[in-house]
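Below is one structure, written out as structure tokens; the observations come after it.
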Amino acid sequence: MAVKYDLNEREVWDGNFAASQSLRQAKVDVVAAYPITPSTPIVENYGSYVANGYVDGEFVMVESEHAAMSACVGASASGGRVSTATSSQGFALMVEVLYQASGMRLPIVLNVVNRALASPLNVRGDHSDMYLGRDSGWIQVDAFNAQEAYDLALCAFKIGENHTVRLPVMVHQDGFITSHTAQNVYPLSDEVAYDFVGDFKPVDDMLDFSRPITYGAQTEEDWHFEHKARQHKALFDSREVIDAVFAEFEKISGRAYKRVESYDMEDAEVAIVALGTTVETARVAASELRSEDGIKAGVVAIRNFRPFPFDKVREALANVKSIAVLDRSSPGGAMGAFFNEVSAAIYSTPNRPLVTNYIYGLGGRDFSIEEAKRIFKEQKENADAGHIMTDIQQFSGLRGPSLGFFKTKRG
């Protein structure tokens, strides 16, 4: 019997503590982990909950992040509710096993505290690790603050464990900006939270000796294609379950989530499309520009990065004239990955707005309200001119002389 853990109606938590509380309330059976900044407190806190009797689970300390996800795969295949956390280089070391987890349809929940990938070494936040996992077959949801890190982690268990989904889920939050910033958080009671998540109901449990099954089979060209196609379809079919879980969560918490969230987009002529904590900065900038300069600015936030919500993105940006897509990751000799996906979503729309790619905030560089305003104003100039007036890709907030990438003809 777990010891009672008392919560106030309002707590002051950072994103890491918020995520760890969701693991306790979901009564996770196994957390296998190897610590890495800035995600360490999530698994460290779970270990303290186990040690102090607040949860009847197992905290397994392993020798690497690769081993952590391998242990999670084994525990999940054996019929347990399983979770862990990581960041950056640790996430990169997990990548091989991420594909194993999704291919085996194991509903593991992974809290990813987003951090830059080396080299040079950097422990601050950007979205390099989020992008690294985008083709691994996991559902990916993104929290913009500590409250959402808590809420979405609870939702992740219910989404991934749904028997029509049976896929692993990543819950992302921005390193340090969310993970280490204390904010007001309104948690559910332990009873309400667990009733929402529900009892874990295993499928194809390896410890069910009355029904032997195989994990990790080899398929080659005879069945590999069909297996991956079915996995891809399962990812897209999960959209209805995600919507239903978000709707159910709103009923018990009063907090609404959507796969794509729009702010001031009803009459917007220009928009920023963003992820993570940048969304809140851009919202403030859009509101101030509307009142100060009369610029009809809006913000589109992608809550559900995988499966990518192409249809919802098209709908949200249907009537916009000029768009800035913000990538918080080094493009590596290409357009930003987020830019490419948003562009693909709106390519076939009749309106087809102008789209500019901004690379920003790498390695934790601050993204200010004033910088967001500058980007909105550039989009207004593009909209008025009818074509892009600047480079189609630019580095926003870079010190020193500007770097030209894809020059466009100025009007």
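log₁₀ I(q)/I(0) of the range 260-396 at q = 0.09, 0.11 Å⁻¹, via Debye over equal Cα point scatterers, no solvent, to two decimals?
-0.22, -0.33
Using a cut-off of 14 Å between beta-carbons, work out the net charge of the residues near M69 (Lys and Arg +1, Asp and Glu -1, M69 not included).
-4
Given a Förster distance of 25 Å, report the FRET efficiency between D264 and Q183 from their Cβ-Cβ distance, rounded to the nearest 0.05.
0.65
If we count other beta carbons within 10 Å of each Cβ, what is the order of F367, F395, fewest first?
Values: F367 23, F395 17.
So the ranking, lowest neighbour count to highest, is F395, F367.
Among 376-389, 147-160, 273-286, how do they line up by average Cβ neighbours within 10 Å per residue, starting with the highest?
Order by mean packing, descending: 147-160, 273-286, 376-389.
Arranged by the count of other C-beta atoms within 10 angstrom, fewest first, what order do I295, I375 take?
I295, I375
What FRET efficiency do you get for Y215 and E9 if R0 is 51 Å and r is their Cβ-Cβ distance, rounded to the nearest 0.05?
Values: r = 43 Å, r/R0 = 0.85.
The computed FRET efficiency comes out at 0.75.
For K201, give me every one of the lysines with a C-alpha distance below 21 angstrom, ignoring sequence neighbours fewer than eight places off in its own chain.
K201 reaches K27, K158.
How long, wide and thick is the range 1-148, going by the Cα atoms along their three principal axes, in whole angstroms, largest first?
Extents along the principal axes, in whole Å: 43, 35, 26.
To the nearest Å, what is the center-to-center distance of the range 219-295 and the range 49-118, using C-alpha atoms only?
Distance between centres, Cα-based: 25 Å.
When a footprinting reagent is the concern and you count Cβ atoms within 10 Å, what order do H127, H227, H172 take, fewest first?
The fewest-first ordering by Cβ neighbours comes to H227, H172, H127.
Under a GNM of the chain (C-alpha, springs under 10 Å), which listed residue has the highest mean-square fluctuation: A85, A146, A345?
For the chain, modelled as a Gaussian network with Cα springs under 10 Å, the answer is A345.
Which of rounded, prolate or oblate describes the range 185-240 when judged by the alpha-carbon gyration tensor and an a/c cut-off of 1.5?
Since a/c reaches 1.5 but b/c is at least a/b, the shape of the range 185-240 is classed as oblate.
Using square roots of five times the C-alpha gyration tensor eigenvalues, list the equivalent-ellipsoid semi-axes of the range 241-336 in whole Å, biggest first.
Values: eigenvalues 106, 72, 33 Å².
Values for the range 241-336, descending: 23, 19, 13 Å.
Net charge within 11 Å of D327 by Cβ-Cβ distance, Lys/Arg positive one each and Asp/Glu negative one each, not counting D327 itself?
Summing Lys and Arg as +1 and Asp and Glu as -1 gives -1.
Could you give the radius of gyration (one decimal) and Dmax (whole number) of the Cα atoms in the range 114-222, in Å?
Reported Rg and Dmax, both Å: 18.0, 54.
With a length cut of 20 Å (Cα positions projected on each helix's long axis) and a Kyte-Doolittle mean of at least -1.0, go through the chain and give me the DSSP H helices that pass.
88-103, 146-160, 220-253, 278-293
Would you tally the net charge around V30, using a Cβ to Cβ cut-off of less than 15 Å, leaving V30 out, and scoring K and R as +1, D and E as -1?
Details: positive: R24, K27, R81; negative: D29, D56, E58, E161, D205.
Taking every Cβ under 15 Å from that of V30, the sum is -2.
At q = 0.12, 0.14, 0.23 Å⁻¹, what is the base-10 log of I(q)/I(0) for the range 328-411 according to the Debye formula with one equal point scatterer per Cα and no solvent? Please give it to two decimals.
-0.37, -0.51, -1.37
So what is the 222 nm mean residue ellipticity for the chain from helices alone, if each DSSP H run of at least 4 adds -39500 (n - 2.57) and you divide by all residues, rounding to the nearest 500 deg cm²/dmol?
-13000 deg cm²/dmol
Read the figures in this text as sums done on the coordinates, not as results from a lab. In this text the structure is predicted, and so the values were computed from the model without any measurement. Don't worry about glycine lacking a Cβ; one is built from the backbone with ideal geometry, like all the others, and counts go over all protein chains shown.
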